[in-house]
Amino acid sequence: MPVILQGLLTIVIGVSGCVAYFYFSNLVLDKVIFPPKGPKAGQNINRANQVRPWLFLFPAIFVLGLYLVYPVIGSFVRSLYGRNPDDFVGMGNYISLAGSQDFRTSFINNFLWAIVVPAGSTFFGLLAAQLTDKLSWGNFAKSLIFMPMAISFVGASLIWKFVYANDADIGLINAIRAMVGFENPIDVLQIPFWNNFFLMVILIWIQTGFAMVILSAALRGIPEETIEAAILDGANPWQLFFQIKVPQIMPTIVVVWTTITILVLKVFDIVYTMTGGNFGTEILPSYMMDFMFRDDGRATAIAFVIMLVVLPVMIWNIVQARKEMR
Amino acid sequence: MDNIAGTKSSLTWATHLSVLVLVLLWLIPTIGLFVSSFRDRDQISASGWWEAPFPVELTARGRTATEATLEGDVYVVTGNIYDDPEAQSYFPGGGGEVVAFGTSGREPGAFPAGEPVEIGDGETLVVNADGTYEWRTTEEPDRGQRVYFAAESPPDFTLDNYEQVLTADNMTQAFVNTFIVTVPATIIPILIAAFAAYALAWMDFPGRGVLIALVVGLLVVPLQLALVPMLNLHNKIGIGQSFMGIWFAHTAFGMPLAVYLLRNYMVGLPRDIIESAKVDGATDFELFVRIILPLSLPALAAFSIFQFLWTWNDLLVAKVFLPSDDASKVMTVKIADDLLGSRGGDWGILATAAFVSIAVPLVVFFTMQRFLVRGLLAGSVK
């Protein structure tokens, strides 16, 4: 198969190209441009050391700049044009978005997702982390709860189709309903408004493992003395958890929460696979895909709206990172 | 303070029990998919996967034989319905007890087995529990009588679904394509990111702080922004929608996390080792290759698992940067766009396709879990 060969060739060319770039650029810098010899040896070494970081950084900066920095500007500029790339419409795309019912629905849904999914995942993650902490089979339990992390959103959606299916012989929910005595199966994905929550459950199912792993490490990092002191003072297990442990891992909870929030704003696969955005379940990323390949102006406008929503988190992240470096 | 021991043990039990419930809740959906992928497709639509170990009542149809014996002026046809190839085809695992039978597709189980019934024109038919039948008719039969019946079918676990998914439907091609996308898109970013991370961790130059902040900021840029401009650019420079394009795209989209993770890890390496190597006259390049890379293996492993899972599981980038013909579809696109559309009701095939697509990530996940956890911790907790 030629594509396999192409793939192998890319690996070889890509890897050896990278290695060759780093090796020879260093060699050229040290031997040809600023050789540490002759009358200016010392000065040359210093100069070479000033240039070298940029040699190391160049490929990364290049792809980051091209694929992530340029698109922020490129997308914004494109969103000022209509379906036809020569057709300048100014804020037209944004104005028509603001007037569109579908856009408002997906914005509100996205807002719900961004609250419910991080809250749910963090809650279950914290619960699982605390419960499995002192358990003999805790690690085994944890790795099973962590497992959905490895499953694609598409795969996860299919897995949950076997829970939600509109048929008491396939879907678990309808089977349980039938057992309790309801006659007709229902399609939970078509119940207005609540169907959104059934979709969110899938992402919570996936993300809980992530929250659990990080919170579990944070729980273990709590100094023993504080816990011992609380027990000596007669704290019951609930007080111990909510008044001693949770406050101490609050920074980690915030990190987990924001990480999942950012993820939620990008995920379109679940909605796309489960409902295709029908029955009032549209969210911004899936709404954008409706216009992708059809109306680039609209698509980029929606993408830019997602960017604006993420922006506060981004700034907060940068501020946090700068604080840590000092 | 009284009864502390008692409270403790009941609390321990509650903990064990609630963890068990939690684990089951998390596991059951996946088990359902797994079990369904091995079930015969007729059985899937007849009973839930949780009933898979039990016999299923299936409705089938067949035709009686035509060799009749004359008893007076009545032709009598006897035989076993399971001898009919059409009826057999419903029960690859062998037919069980016939529960009911009928003569119309609308009411396949109209009459209980073993009870002779009039079926019009003076004909009578009976199908017994063991499948034997007796059909009495006044005219010499030239075609067998249509018989519908409901019978217990023993649980039937088969690999047919896998055979079909892997041979038909182009799924093998999609599987190979997924690998072709994933492997270069995992290896190349690591190399590039490792050098950049080293520079950001251990080299002194103006603007370092700004660059680190930039990487942190880029971590959260929604890649939706990149789709339209980059696809247009790819089209303009002649890459178009191709494997080449998706390798570039994945390399770039994984870069912020790679640089961030690796830098966090490398900063924590002991300063003494690095400085003594420098004193011994090692150049930065040698230092990086001989000391930093080997020491950073856990972080490199962690990131490569991330990137592998992310590129393998990705749907969005593949939909945009790969052509939509069968020759270059990856598995996620194949399942989401083809199978869910054309085989939306074929649960066996859906389950199998999904399981094939998640099998590799699951293996990677369970064998490399240690590294994955370490990577997550390096990336999120400081």
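The values are calculated or read from the model by the stated rules, or taken from the named source; none is laboratory data. For clarity, every value in this text was computed on a predicted model and none was experimentally measured. Here the Cβ is made from the backbone with ideal geometry for all residues, glycine too, and neighbour counts use every protein chain on show.
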Original post:
Is there a residue being within 10 Å of chain A (Cβ to nearest Cβ), more than 30 Å from A:Gly82 (Cβ to Cβ) and either surrounded by 17 or more Cβ atoms within 10 Å (Cβ to Cβ) or free of Cβ contacts under 8 Å to residues at least 60 places away in the same chain (or both) anywhere in the range B:153-164?
Top reply: no
Original post:
Taking into account only those residues within the range A:275-296 that are facing chain B (nearest Cβ under 9 Å) and assigned to a helix (DSSP H, G or I), which is farthest from A:Ile108 (Cα to Cα)?
Top reply: A:Asp296
Subject >> Evaluation of A:Leu64 against (1) among the aliphatic types (A, V, I, L, M); (2) surrounded by 20 or more Cβ atoms within 10 Å (Cβ to Cβ); (3) over 20 Å from the mean Cα position of the chain (by Cα) (one fails), failing number >> reply: (3)
**OP:** Could you pull out the residue among A:Phe162, A:Phe123, A:Phe140, A:Phe111 that is in the same structural domain as A:Met250 (by TED's automatic domain parsing), crowded, with 19+ Cβ neighbours inside 10 Å and among the aromatic types (Phe, Trp, Tyr)?
**Re:** A:Phe162
**OP:** Please state which one of B:Ser357, B:Ser328 is facing chain A (nearest Cβ under 10 Å), among the hydroxyl-bearing types (Ser, Thr, Tyr), crowded, with 23+ Cβ neighbours inside 10 Å and touching a residue at least 40 places away in the same chain (Cβ under 8 Å).
**Re:** B:Ser357
Subject >> The one condition in (1) part of a helix (DSSP H, G or I); (2) at pLDDT 80 or above; (3) not β-branched (Val, Ile, Thr) that A:Gly42 fails to fulfil >> reply: (2)
Original post:
In the range B:58-82, which residue that is over 38 Å from the mean Cα position of the chain (by Cα) and under 17 Å from B:Ser153 (Cβ atoms) is modelled with the highest pLDDT?
Top reply: B:Asn80
Original post:
Which of the residues belonging to the range A:250-266 are out of contact with any Ser or Thr (no Cβ under 7 Å at 6 or more places or on another chain) and at the interface with chain B (Cβ under 9 Å from one of its Cβ atoms)?
Top reply: A:Pro251, A:Thr252, A:Thr258, A:Ile262, A:Leu265, A:Lys266
Subject >> Selection from the range B:27-51 of residues that are in contact with a strand residue (DSSP E or B) (Cβ under 6 Å, 6 or more places away or on another chain) and outside any helix (DSSP H, G or I) >> reply: B:Phe38, B:Ser47
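Yes or no, residue by residue, for (1) touching a helix residue (DSSP H, G or I) at 6+ places or on another chain (Cβ under 8 Å); (2) at the interface with chain B (Cβ under 9 Å from one of its Cβ atoms):
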| site | (1), (2) |
| --- | --- |
| A:Asn93 | yes, no |
| A:Gln101 | no, no |
| A:Thr105 | no, no |
| A:Ile108 | no, no |
| A:Ala114 | yes, no |
| A:Phe124 | yes, yes |
| A:Ala128 | yes, yes |
| A:Thr132 | yes, yes |
Original post:
Taking the range B:129-144, which residues are within 19 Å of B:Glu67 (Cα to Cα) and either not hydroxyl-bearing (Ser, Thr, Tyr) or not assigned by TED's automatic domain parsing to the domain that holds B:Gly62 (or both)?
Top reply: B:Gly131, B:Glu134, B:Trp135, B:Arg136, B:Glu139, B:Glu140, B:Pro141, B:Asp142, B:Arg143, B:Gly144
**OP:** Hey, could you check the range B:222-252 for residues that are more than 7 Å from chain A (Cβ to nearest Cβ) and surrounded by 24 or more Cβ atoms within 10 Å (Cβ to Cβ) and say which is farthest from A:Thr261 (Cα to Cα)?
**Re:** B:Ile246
Original post:
Here are some residues: A:Ala218, A:Ala299. Which one is within 21 Å of the chain's Cα centre (by Cα) and within 30 Å of B:Leu24 (Cβ to Cβ)?
Top reply: A:Ala218
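Residue-by-condition table, conditions (1) hydroxyl-bearing (Ser, Thr, Tyr); (2) more than 13 Å from A:Val154 (Cβ to Cβ); (3) assigned by TED's automatic domain parsing to the domain that holds B:Val373:
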site	(1), (2), (3)
B:Leu300	no, yes, yes
B:Ile305	no, yes, yes
B:Thr311	yes, yes, yes
B:Leu316	no, no, yes
B:Lys319	no, no, yes
B:Asp326	no, yes, yes
B:Thr332	yes, no, yes
B:Asp338	no, no, yes
Original post:
Given the structure, is B:Leu24 in a helix (DSSP H, G or I), more than 7 Å from chain A (Cβ to nearest Cβ) and not basic (Lys, Arg)?
Top reply: yes
Original post:
What single numbered condition from (1) surrounded by 15 or more Cβ atoms within 10 Å (Cβ to Cβ); (2) more than 11 Å from chain B (Cβ to nearest Cβ); (3) part of a helix (DSSP H, G or I) fails to hold for A:Pro185?
Top reply: (3)
**OP:** Only residues in the range A:30-53 that are within 10 Å of chain B (Cβ to nearest Cβ) count as the first member; pair them with residues that are of a type in the set (Phe, Trp, Tyr) and not in a helix (DSSP H, G or I), Cβ under 6 angstrom, at least 6 apart or cross-chain, and list the lot.
**Re:** A:Ala48/A:Phe34; A:Pro53/B:Phe205
**OP:** Give the range A:266-276 a look and list any residue that's within 19 Å of A:Leu158 (Cβ to Cβ) and without any contact (Cβ under 8 Å) to a residue 60 or more places away in the chain, or say none.
**Re:** A:Phe268, A:Tyr272, A:Gly276
